[in-house]
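Student: Below you will find the structure I want to go over with you.
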Amino acid sequence: MKKISPPVLAVIIFLIPLSAFPQGLQKHLGPVSALAGKDGRVFSAGEDGFVIEWNPQGTGKKYQISELQIKLLALHPAREDIAVYETDGFSLHRVSVWDWGTLTRKYEKTFPTAITALGFTKKGSYLAAGSAAVQGVFFFNAATGASVRNLSAQTGVVSFIESSDTEGSCVIYSPSGYIGYYDLGNGRQRAKLPCEPDLSQIVLFGNNLFLAGCRGGELFVLLATTGETLARIPARNPLLSSSGGRLYVAEFSARTGTLKYVDPPTTGVIPQARPARQFTLPERTALSSFLVAGGMYAGAASGNVYAASLAPDTPVSAVTGEDYQTILDLALFDGGSACVLTAASVFLSGGEDDIRKIADNTGGHRNLLCANGSILLWSVNTKKPLVLLESPQFKGRTIYTPANSVTSLRSSGTRVVIVEGNSRVSLYSLDTGKMSQVYTGTGVQDAILAGRDELIIAKTSADNPRSPLISVGVRTQETVRLPLSGEIAFSLTAAEGAAVYGVTISASGNARRTSIFSYNPETQTNQALLTFPDENVDAFTAVYGGILYTNVARTTVTAYNTASRSQVRLDRPPALSRKILVIKNHVASLGTDGGITWYEEGGTAAESRWYLKRGGSWDVFGPGI
């Protein structure tokens, strides 16, 4: 890897901050769940946890707000604050507010049920969150996050909320079938108007006199002041937005769509949806979000964002790009090179100007493991065959076809530890090609060799033996319950000496915590090193030269000195880290966006970010470009 001279560093950091590299125009890694506009800028949020700002200059700013899916996005009307609703789609529901200018989180709120509406009031004094709870609506001080005035009556589920321009009142829509008006000064209900139930994608238009929503292949237009249904208009897969007092409806299927508009109706006139333009996308996909803000913007399930003028016969263009290959996995090969896996290929790289393709990823594998000068291709939680690439030709051959999904793959010298079906642990010898089963049980998460004849297995504590960590003799297969508390252990890594490190999750009442532990097989003792006051099922560990790296804190990587017990945090890159390697005295952090952030070993400042171009060469951003 090339060294970067300090004088260049000072200039480039000013011009291109590491938190806003030109890769901001890359598409989302999953469906685009929300779009919002402000001051000529458009923001997209995705199920990949990223928020991207698209500006009129055609450049972008990209940052991963969350490790969870983002479902809702709101922009503060005056400040650079954004609010997002993050969820795992099951039990975790969180709203966080970020200063987008500094990329720092100001506060977060957790909820017991799903958030169904999110927005700032018109002057930006409050953040309002509609929920599936009985209370329905929650109000917070937008600047501090302090809980403030709530509505006096329990509203039930609320899927839309908007304040008046003065913030003196608000209007809500409940899927139970009513429009409610409330005084924000005292929280009292002013009116409750029965209307069509179970409408989705609620928007106001026509100076807030009309309310529109969708249900069952129809567009409904209601008089917001009475709840009366003015029109039911057939609509195919509609997405709604409002701009300039007009309602816009995008109907789309596969690749083609129609943009229609509905003008505010006058008294006695039935609203009509009139065509504005046709549009065609360059890919077959579903539209997952839609916005009209000066022009038309559409977020796709593929992760792309498309833009077009409202005028007919003008082209639709992607504001996102696909210039880079996503790096699926990264491993250390023979101590000096990075082995890089993409959806199509396997590469070896010794630096930013040294990369070569060594094999095709014909099996579509998503993981790799380097062991004893060879490369193993595998895919977590699948039954895909294990393929061995042997140097120097790297011709692939299948060495094992699992009967159950592979949970974990670890290596020690010429031996490979395979966890299969969360129930079976086996050893494969690269020397002899023989497979031997060492342990069978339930709830197995991970396994690693500690020395020549001992296997350390991480599992759930609910299954016998009732401990999250056990020791199994490789020759004797004797099983010993190890003294570690917790509900589950996983992500094991072994140090050069005797210690084994891993992650455990514990619960006390409704509180959960994630801890990094060390276990010494020689003394059979363990200790907690780091603790995070929440559940982090994606926490990893990696240890190099006495430094333990972990993302237990969820959004940052901690470097923990196992000798001095001191710790530092690496500067946060735009994408969250999902793996750490140390190569040639540099720390490589593989991001969820498929790029690599580099740090000097022992330092905390990001040195550069690498992306793998379609042609198979590195694009390097940050200091030195």
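Student: With unit charges on the beta carbon (Lys/Arg positive, Asp/Glu negative), name the residue among S289, F394, Q272 whose Cα is farthest towards the positive pole of the charge dipole of the chain.
Tutor: Ranked along the dipole, the leading option is Q272.
Student: In addition: Return the subset of K71/K260; K62/K357; K62/K192; K61/K123; K38/K109 for which the Cα-Cα distance in this structure is over 31 Å, preserving the input order. Please report the intermediate quantities before stating the final value.
Tutor: Working: K71/K260 25 Å; K62/K357 29 Å; K62/K192 42 Å; K61/K123 25 Å; K38/K109 24 Å.
Cα-Cα > 31 Å for K62/K192; rest within.
Student: Say R0 is 51 Å: what FRET efficiency, to the nearest 0.05, do V568 and Q272 get from their beta-carbon distance?
Tutor: 0.20
Student: May I ask you to list the aspartates and glutamates whose Cα is less than 16 Å away from that of K27, ignoring any residue fewer than eight positions away on the same chain?
Tutor: Straight-distance partners of K27: E47, D48, E53, E283, E322, D323, D593.
Student: If one takes the longest principal axis of the Cα atoms in the chain, at what angle in degrees, from 0 to 90 and to the nearest 10, does the Cα axis of helix 6-15 lie?
Tutor: Between helix and principal axis, roughly 20 degrees.
Student: Hey, another quick one. So what are the ³J(HN,Hα) numbers for segment 383-393, from phi and the Karplus equation (6.51, -1.76, 1.60; θ = phi - 60°), rounded to whole Hz, Gly and Pro as x?
Tutor: Computed from phi, the couplings for segment 383-393 are 9, 4, x, 7, 10, 9, 9, 9, 6, x, 7 Hz.
Student: Separation of segment 566-582 and segment 525-546 by C-alpha centroid, Å?
Tutor: 13
Student: Which one is right for this structure if Rg/Rh (Cα atoms, Kirkwood Rh) is calculated from it: [x] 0.98; [y] 1.01; [z] 1.22?
Tutor: [y]
Student: In what sequence, highest mean first, do 519-525, 485-491 appear when ranked by Cβ atoms within 10 angstrom?
Tutor: Ranked by mean Cβ neighbours within 10 Å, highest first: 485-491, 519-525.
Student: Would you mind working out the magnitude of the charge dipole of segment 534-619 relative to its Cα centre, with +1 at each Lys and Arg C-beta and -1 at each Asp and Glu C-beta, to the nearest 20 Debye?
Tutor: Rounded to the nearest 20 debye, it is 140 debye.
Student: How large is ³J(HN,Hα), in whole Hz, for each residue of segment 95-100 in order, when computed from phi with the Karplus curve 6.51 cos²θ - 1.76 cosθ + 1.60 and θ = phi - 60°, using x for Gly and Pro?
Tutor: 10, 10, 10, 10, 7, 5
Student: While we're on this one: Taking all protein chains as present, what is the carbon and sulfur share of the accessible area of segment 531-625, in % to the nearest whole number, probe 1.4 Å?
Tutor: Answer for segment 531-625: carbon and sulfur cover 48 percent of the accessible area.
Student: Still on this structure, please answer the following. Please calculate how many Å² of accessible area the chain carries per residue, with a 1.4 Å probe and no DNA, RNA or ligand atoms counted.
Tutor: Heavy-atom SASA per residue in the chain reads 41 Å².
Student: Further, regarding this structure: For segment 45-53, in order, what is each residue's ³J(HN,Hα) by Karplus, 6.51 cos²θ - 1.76 cosθ + 1.60 with θ = phi - 60°, in whole Hz (x at glycine and Pro)?
Tutor: With coefficients 6.51, -1.76 and 1.60, one gets 10, x, 5, 7, x, 8, 10, 10, 9 Hz.
Student: How much mean residue ellipticity at 222 nm does the chain get from its helices, if each DSSP H run of length 4 or more adds -39500 (n - 2.57) and you divide by all residues, to the nearest 500 deg cm²/dmol?
Tutor: The helix contribution divided over the chain gives -500 deg cm²/dmol.
The values are calculated or read from the model by the stated rules, or taken from the named source; none is laboratory data. Note that the coordinates shown come from a computational prediction; the quantities given were computed from them, not determined experimentally. Backbone-built Cβ (ideal geometry, glycine too); neighbour counts: all protein chains shown. Calculation scope for accessible area: heavy atoms of the full protein, side chains included, ligands and nucleic acids excluded. Shrake-Rupley method; radii C 1.70, N 1.55, O 1.52, S 1.80 Å.
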